[in-house]
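> Just passing along the structure, written as structure tokens.
The values are calculated or read from the model by the stated rules, or taken from the named source; none is laboratory data. On a predicted model such as this, the values are computed, not experimentally measured, just so you know. Glycine also receives a Cβ, built like all others from the backbone with ideal geometry; neighbour counts cover every protein chain displayed. Accessible surface areas use protein heavy atoms only, side chains included; no ligands, DNA or RNA. Shrake-Rupley method; radii C 1.70, N 1.55, O 1.52, S 1.80 Å.
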Amino acid sequence: MRTIGLIGGLSWESTVIYYQIVNQRVRERLGGSHSADSLIWSVDYTTVEDLIFADRWDEVSTLLTGAGRKLEQLGAGLLLVCSNTFSRVSDDVERAVSVPVLHIADAVGAEVRARGMRKVGLLGTRFTMEQPFYRERLAAHGFDVIVPRRAQRELVHRVIFDELVRGVLRESSRDAYARIIDDLAADGAEGVILGCTEIELLVSEKDSAVPVLASARLHAEAAAGFALSG
């Protein structure tokens with residue numbers, strides 16, 4: 001089993017999902033009381049949050065590539081940047097290390113393709129929904145990606161940073177997200193990507209008019225499968 005290196009704290013609320021899922025999948029595969037060989041390097045979220053809002057992505061890259069190198073030195077055999085937004089620097093991390101880096105958009109894209117979906121909606125931070133780094137990586141898997149209208153994007157973004165990364169789950173926000181998903185479905189989305197790892201703390205299949213694709217869960221499952229394949 002390869003040791004899984006998680007670059008977490010992006011936020012820690014969703015890093016918990018990664019730790020839980022990789023261990024569940026390893027136990028399901030190997031049985032008994034097995035769990036994953038894993039390492040977590042968890043950053044101070046306020047630090048990186050301030051950097052992205054100041055558009056200082058070079059400093060984010062330096063911080064996360066440093067975390068990746070440390071995890072590799074400690075014995076990680078593969079790495080994950082446990083975030084959709086911060087996957088903007090995943091390629092930088094990959095260039096800085098000699099072990100595989102599993103990109104979250106590839107894990108999601110593979111699942112969309114496996115389900116035969118031709119058009120999907122994307123919810124996430126404003127960075128993820130509006131900048132090309134994530135949508136283009138998804139589209140390379142062969143399907144169309146649509147995002148909510150501007151006012152809806154602002155609501156989704158605000159809830160993530162004002163509530164979800166702080167562990168605040170509000171029914172009113174769940175209802176608002178459900179209405180946005182309804183609109184994406186009306187625009188032809190066959191499924192919706194929960195393209196911020198914290199959103200799956202708030203929204204599940206029962207809240208959605210179409211199938212949901214939970215990015216953190218899919219990323220963690222891909223990591224467990226890759227770790228066991230070796």
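> Kindly provide the trypsin sites (Lys or Arg not before Pro) of the range 109-164 that DSSP labels as loop, not H, G, I, E or B, and whose Cβ sees at most 15 other Cβ atoms within 10 Å.
Arg115, Arg118, Arg149
> Given Cα pairs under 8 Å that are at least 6 residues apart, what percent is the relative contact order of the chain? Could the numbers behind the result be given before it?
On the way: 415 pairs, mean separation 60.1, N = 230.
After rounding, I find 26 percent.
> Something else now. Nearest 10 degrees, 0 to 90: what angle lies between the long axis of helix 12-30 and the longest principal axis of the chain (Cα atoms)?
Once rounded, one gets 60 degrees.
> How much FRET efficiency would the formula 1/(1 + (r/R0)^6) give for Asp58 and Arg166, where r is the Cβ-Cβ distance and R0 is 22 Å, rounded to 0.05?
Numbers: r = 27 Å, r/R0 = 1.21.
Computed FRET efficiency for Asp58 and Arg166 comes out at 0.25.
> Compute the angle between helix 57-73 and the longest alpha-carbon principal axis of the chain, please, reported from 0 to 90 degrees and rounded to the nearest 10.
Helix 57-73 sits roughly 40 degrees off the main axis of the chain.
> Please compute the per residue accessible area over the chain with all protein chains in place, 1.4 Å probe, rounded to a whole number of Å².
Result: 43 Å² of accessible area for each residue.
> How much of the accessible area of the range 169-230, in percent, comes from carbon and sulfur atoms when a 1.4 Å probe is used?
Heavy-atom surface of the range 169-230 belonging to carbon and sulfur, 1.4 Å probe: 48 percent.
> Going by Cα centres, the range 91-127 and the range 166-230 are how many Å apart?
14 Å
> Once the piece of chain linking Ala178 and Ser204 is laid out straight, how much longer is it, given 0.36 nm per residue of separation minus the C-alpha distance between them?
Full extension from Ala178 to Ser204 adds 8.4 nm.
> Equivalent-ellipsoid semi-axes (√(5λ), Cα gyration tensor) for the range 58-165, whole Å, largest first?
Semi-axis lengths for the range 58-165 are 26, 18, 11 Å.
> Over the range 71-230, with a single point scatterer placed on each C-alpha, what log10 of the ratio I(q)/I(0) does the Debye formula yield at q = 0.13 1/Å?
Log10 I(q)/I(0), no solvent term: -0.59.
> Something else now. Hey, rough spin-label estimate for Leu228 and Ala114, points 7 angstrom out along Cα→Cβ, what's it come to in nanometres?
The two pseudo-label positions are separated by 1.2 nm.
> In degrees between 0 and 90, to the nearest 10, how far off the longest principal axis of the chain does helix 104-114 point, with axes built from Cα atoms?
Once rounded, the angle reads 60 degrees.
> Give me the percent of accessible area attributable to carbon and sulfur for the range 58-104, probe 1.4 angstrom.
44 percent
> Something else now. So if the hydrodynamic radius of the range 1-101 is defined as the Kirkwood radius over C-alpha pairs, what does Stokes-Einstein give as its diffusion coefficient at 4 °C and 1.567 mPa s, in µm² per second? All intermediate terms of the calculation are to be shown ahead of the outcome.
On the way: Rh = 13.8 Å.
Result for D is 94 µm²/s.
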